[in-house]
Every structure is written in C-alpha cells, then in structure tokens.
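The values are calculated or read from the model by the stated rules, or taken from the named source; none is laboratory data. All figures in this text were calculated on a predicted structure; none of them were measured in a lab. Here Cβ is always computed from backbone atoms with ideal geometry, including for glycine, and neighbour counts include all displayed protein chains. Please note that ligands, DNA and RNA were not included when accessible areas were found on the heavy atoms of the full protein model with its side chains. Shrake-Rupley method; radii C 1.70, N 1.55, O 1.52, S 1.80 Å.
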Amino acid sequence: MAAQTPNSIAFLRHAAARPIWVQAIGRLLYQVGYTAIQFYTPLLFVSQKGLSATTVGVALGVGSLAGVVGHLLGGYLADAPAYGRKRALLFAAMLAIVSALMLAVLPTFVMLMVANLLLGLSAGCYWTAADATVVDVTLPEQRQAAFALLVLADSVGGGLGVWGGGMIAQQMQWLFGLSAVPIVFFLILTQFAMRETQEFQPGADPLSGFGIALRDRSLLLFVLVNILFTTYIALVSSTLPLYLTRLSAANAVSPEQTVSDVAQLFTGCYIGLGAVLQLPLVQGLRGWSKVRALMLSMGLWGAGFLLVWLTGAASLPLGGMIAALAVLSIASIIYKPFAPAIVAEFAPVALRGIYLAISYQCWSIGYFVGPIVGGWAIDQGVSQQSWFWAAGTTLLGWVGLQRLARHSAQNFTLPDEPETQIEPDGLIQVAGGFPVEDGR
C-alpha cells in the first residue's frame, strides 16, 4: 500500500523530494554565474572601461525592463505544450551563457546593452519556470519548505558569486568568461537530471491564460500587496547600506567603521542570519496559514524599519544596525518561500507558469521604485524620516493581506490538487494521471 507523502521539512528527506534538490542545486549554480555578472558589471565597466555610472545605469535599466518581458515569456513557455518547464529552463541557461560570453569577448557599451537585455530575459524565464516546477511536484503543505530550500540555495549561490568574482575582478574578461561556467553546469544538470513536470491539458491555450489570470481578483490583490514586499527588499539592498554608511560616519562612533564594515554587517546580520534560520523558521511556521505567515513578515518589516529610524535618532547606531538588520532578515526569509506558495494555491494547474509570471512582475516594479524613492530621500536630506514612513506603509500591507484572507475564504476554493502518493519504487504517483519518476 502506498504511503502518504510526508509534510513540511521532513518531505525534503524523502526520495520524492529529489526534483526539489535538483532545482536547489540548479538555482545555486545559476545564481553563482548570474550574481557575479550582475554585481561586477557596473564596477568593472566604470573602473576599467571608463564608462560613466549613468551610462552603465541605462544599460542595467534595459536589463530590468527585459526582465518584465522575460517573466511573461517564461510563463508562456512553461505552460505551452510545445515547450514546458524544462525547455524554458534550458532556454534561460543559453541566454545567460551567451550574455556572459559577450561581455568576456567584446566588453563594449553595445555589447553591455545587448548582454543585459539577454540576461534580463534569462532571469525572467528562469524564475518563472523553476518555481512552476517546484509547484508541480509538491503538495500545498510542502511548498513553503521546498521554496525555503531554494531560497537557501539562492543565498549561497549569490554569496559564492560575489566572493568568487572578487578573486578575479581585476581580470575583466576572465571574470565574465568564468561566470558562464556554473551556468553551463546548470544547463547540463537540467538536461540530464530533470524531466518535464507540467501536466499538459489537451486544447490548453497559454495566451488566453493571461486574460484569465488578469481577471483573478485573488491574484490581483496579492500583486498589490506583493509590490510592497519587493519594494522593501529593494530598499534594504540598495538604499539601506548607503544610509548606514553615512550614519556611522556622521555619528563618528568608530573611525574604522567604513563601507567595508557595513558590508560585513550586512553579510553577517542580514544574509548570513537569513541563511542559518531559513529552514528552521519555515519548520517552526509549518502550522500557520500562508497568509498569516505573510502578515507576520509584514509586521516584522514595519518593526525593522522602525529600528532603522530609531538607530538614526539614538546614540547607539551599531547596536541599532545589528538589531534592525536581524529583524529585516527574518522578515525577508519568511516572505520569500511563502509568497510563491500562496500564488500556487489559487493558480489553475494548467496556468501555474502564467500566474507566477504575473506575480513576479512585482519584483521589477519593486526594484524600480525602491532605489528611486530611497535615493531621493537621501538626496533631499529626509532619509531618517523615510524609514518611519516606510514602516507606516506596512499598515496598508497588513490591511491588504486581511482582505486577501477574507476574499479567499469567501470566494475561493482551492483548485483540485492531484492526490500524490509515494510508491515503493520511488515514483510520484498522481491520481488520475501518469506516474512521474522523481528527479528526472
């Protein structure tokens, strides 16, 4: 008799979780190469090629706009019977490899523009198809644990990309050329260790799926709230380091506390703490509903921004920095695995890629709004007050999540999830469908 699929973190130790581990390893490899390109492109093209920061910023902006198209393209490819998740991921890998090689062989402004265009398309295709794959092979109660593992792989891969790139940053062509290597390994892993997970339905039309998704009130309400979350993450990654650096210099708490010191604080208290707590925290919240977990995250974002505001007014900025970064780190690691899991709950099986693609537009909006608003606040001399205002916006997010919970309870019934069981031979047996061999 088939045993029922284990829940939560325990699921990750089961044979059926092999597709999740394949995706986690793939994410680590993809992020090593992608982060190295993203992090060092502005530094090297300004310092070694003599381009202005504004010029490089324009090229990076092109990449962000391409990401908008990339998510939509990725959603279409992932749900289209002629392509599917696996081919979308292979396409994303090839685009990123070509982008890296362009920067390595012809590091000119024209190639910078084209490479960022391809890299933006690659990222959009990758995130949508990869997360849709995770949704395909998990039950609702397992998804936050699965996405937590991928968030951990994301953090480790990004850290390795920055660290490894720093070792060869002075050799521009070598850096970009070697950035393609882990993405090549990701392509090989996807080709030989992954099998298609999408259950294609006869007559399905992904293009009409965009219209269905855009009329889904649950999705649209979630998108509005999600814009706040992604804007907060963008503020922390782009504006907060500059603010804390200026704050430490203004208060002169310790002369040796330079930009490097603030970077170390971020590495330890924001990135490092998040990586350590990611899986245990998701395990601790396993009995919570996804909306309730996001409400907790929203509350922690507000508390973290208040701590940043108080840090500017207090005489103990170092302690305030540590506390604020720790709270913001916990807020971030709660949000990241629960957000895609909640989208998966109201996405029809045949339109999971499209639903995720639309919800991921929030990242493009957030990373467009966050740096602009944060930079304006610093330039206008109202940066300290801006963190108090940011904390106030979490009240709007809290109200939006409450409405989402009520709307889902009153008007929304979960789509029929295939009943998944674990067979003795390690196959995932989907009731009413064909068995899918786990991990391949």
Accessible-area order (highest first, 1.4 angstrom probe) of the listed residues His407, His14: His14, His407
Solvent exposure ordering (accessible area, 1.4 Å, most first) of Asp131, Asp216, Asp379: Asp379, Asp216, Asp131
Spin-label zone in the range 304-345 - amide nitrogen under 16 Å from a point set 7 Å from the Cα of His407 along the C-beta vector: 342-345
Distance from the range 219-234 to the range 130-186 (C-alpha centre basis), Å: 23
Tensor-based shape of the range 64-144 (alpha-carbon gyration tensor, a/c under 1.5 rounded, otherwise prolate or oblate): prolate
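R0 = 45 Å: FRET efficiency of Val382 with Trp174, Cβ-based, nearest 0.05?
The pair Val382/Trp174 has a calculated efficiency of 0.55.
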Shape category assigned to the range 14-71 from the gyration tensor of Cα positions, a/c cut at 1.5: oblate
Reachable lysines, given that their alpha-carbon falls under 24 Å from the alpha-carbon of Lys290 and they are not under 8 places away in the same chain: Lys336
Ile233 accessible area, 1.4 Å probe, all protein chains in place, Å² to nearest 10: 10
Prolate/oblate/rounded label for the range 103-162 (Cα gyration tensor, a/c 1.5): oblate
